[in-house]
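Take a look at the structure set out below.
All of the numbers you see were taken from the coordinates with simple rules; none came from a lab. Computed from a prediction, not measured in an experiment: that's the story for all the values here. A quick note on method: Cβ atoms are made from the backbone with ideal geometry, for glycine too, and the neighbour counts reach across all protein chains shown.
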Amino acid sequence: MVSLSDYLILSAIIFCIGLVGIFVNRTNIIILLMCVELILVAVNTNFIAFSYFLGNEAGQIFVFFILTVAAAEVAIGLAILTLLFRNKGTINVDVTNSLKG
Amino acid sequence: MTFDQILFYVFSFWFVASSLAMIFSRNAAKAVLFLILSFFSAASIWILLEAEFLAIILILVYVGAVMVLFLFVIKMLNIDKSTLRAKFTGYLPLGLIVAVIIIAEMTLVLGGNQFGLDVVSAPARHAADYSNITVLAMQLYTTYVYPFELAAVLLLLAIIAAITLVHRNDVSRKKQSISEQVSVQAKDRVRLVSITSPKKENK
């Protein structure tokens, strides 16, 4: 049988892959958004694994709401991205420094 | 090795491999396709965990809607690839070091001593007539009904926000222009037309 720790370590690995993706792809905002999605899926796998092994459905309900919020986030994020491309002509992160942060 | 474990390791292999391929692919469209593969693997793992409804939702909503939206934006924006390839590996060593340290720490914390089968035993599989959707719906429409409604409002908000953000201003929108209203002259709006009235017929 597959133990709970296998699932948790798998989602930890996926989480770290998403994190490295944010480190590595520092110029392309689209891939940054996709790395955030990957991190969210890793977290959701954690929730579902705990929900299954502890026999409590609340974890699955929480994943449902996380998926809802993530879908809304992607829709608004891509809208902002389109707006950025329309105004700047690029979606390179290094060019979008008009806030001087 | 049981059949469960074989399935788990196959799905995990594809999950990790496609995620790695996603973050190291230079082409954004290829990255989206690899992310779709990793979402499918994640959905398979969720089915192993008997969360069938969420697995189907992950495929339908994420692969069907969100990833297609990503592909749509990538194809629409026509991104210059040469600028995106610069500084690709500049932060790779630091990122790898951080990731390896995090994975090592998590493995120590989440290892078999704390969450193994002898600590948290695997529950018995449900019978064939068990319905995951019924269980979730019972919770969702009783205990979590207010969060459910709030989620609906949040989605409406996202629709309005996305449309408002990308809506162009010069589309024919009926809005008030005060300077035009003040400076308008009568001759701009009123046109006097002289009409010759028909003569009465003499009987």
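According to the square roots a ≥ b ≥ c of the eigenvalues of the Cα gyration tensor, what is the shape class of the range B:48-168, taking rounded for a/c under 1.5, prolate for a/b larger than b/c otherwise, and oblate for the remainder? It would help to have the intermediate numbers written out before the result.
Values: a/c = 2.43, a/b = 1.15, b/c = 2.11.
It comes out oblate by the Cα gyration axes.
Along the principal axes of its C-alpha atoms, what lengths does the protein assembly as shown span, in descending order and rounded to whole Å?
That gives 114, 53, 32 Å along the principal axes, largest extent first.
Can you give the average number of partner chain beta-carbon atoms within 10 Å of each beta-carbon in peptide A:31-37, as a whole number?
Working: counts 12, 0, 3, 12, 5, 0, 8.
What the average comes to for A:31-37 is 6.
Just to check I understand the Karplus step: with θ = phi - 60° and J = 6.51 cos²θ - 1.76 cosθ + 1.60, what whole-Hz values come out for the range B:179-194, glycine and proline as x?
5, 5, 5, 6, 8, 6, 10, 5, 5, 6, 9, 9, 10, 8, 10, 8
Strictly over 29 Å apart at the Cα level, which of A:Lys100/B:Lys30; A:Lys100/B:Lys175; A:Lys88/B:Lys175 would you flag in this model?
A:Lys100/B:Lys30; A:Lys100/B:Lys175
Alpha carbons only, please: Rg and Dmax for the range B:112-203, in angstrom.
35.2, 118
Modelling each spin label as a point 7 Å along the Cα-to-Cβ direction, I'd like the B:Thr107/B:Val145 distance in nm, to one decimal.
4.9
Fewest Cβ neighbours within 10 Å first, please rank B:Val32, A:Val20 accordingly.
Fewest-to-most Cβ neighbours within 10 Å comes out as B:Val32, A:Val20.
Could you tell me whether the range B:1-80 comes out rounded, prolate or oblate from its Cα gyration tensor? Rule is a ≥ b ≥ c as square roots of the eigenvalues, rounded for a/c under 1.5, then prolate if a/b exceeds b/c, otherwise oblate. Numbers along the way, then the final one.
On the way: a/c = 5.54, a/b = 1.71, b/c = 3.24.
In terms of gyration-tensor shape, oblate.
Averaged over peptide B:109-120, how many Cβ atoms belonging to another chain are found within 10 Å of each residue's Cβ?
5
Using only Cα atoms, figure out Rg for the range B:125-165 and give it as a multiple of 2.2 N^0.38 Å. Intermediate values should be presented prior to the final figure.
Details: Rg = 15.6 Å, N = 41, 2.2 N^0.38 = 9.0 Å.
It is 1.73.
Which is the longest part of chain B that has none of the chymotrypsin sites (Phe, Trp or Tyr not before Pro) sitting in a DSSP loop with at most 14 other Cβ atoms within 10 Å?
That would be B:1-129.
Among B:Thr2, A:Thr90, rank each residue by its count of other Cβ atoms within 10 Å, from fewest to most, as a rough exposure measure.
Ranking B:Thr2, A:Thr90 by Cβ neighbours within 10 Å, fewest first, gives B:Thr2, A:Thr90.
For peptide B:91-98, compute the average count of partner chain beta-carbon atoms within 10 Å of each residue's beta-carbon.
For peptide B:91-98, the averaged partner shielding equals 4.
Counting pairwise Cα distances across the range A:43-101, what percent come out greater than 15 angstrom? Write out the running numbers ahead of the final one.
Values: 1093 of 1711 pairs.
Cα-Cα pairs in the range A:43-101 separated by more than 15 Å: 64 percent.
Using the Kirkwood radius over C-alpha pairs as Rh, can you work out the diffusion coefficient of chain B via Stokes-Einstein at 20 °C, viscosity 1.002 mPa s, in µm² per second?
Here the translational diffusion coefficient equals 89 µm²/s.
Rank these for me by crowding, B:Met138, B:Met67, going from fewest to most other beta carbons within 10 Å.
Details: B:Met138 12, B:Met67 19.
Fewest-to-most Cβ neighbours within 10 Å comes out as B:Met138, B:Met67.
From zero outward in steps of 10 Å, how is the percent of C-alpha pairs of chain A spread across the bins?
With a bin width of 10 Å, the distribution comes to 15, 34, 29, 15, 6, 0.
Once label points are set 7 Å from the Cα along Cα→Cβ at both B:Ser177 and B:Lys30, what is their separation, rounded to one decimal in nm?
5.1
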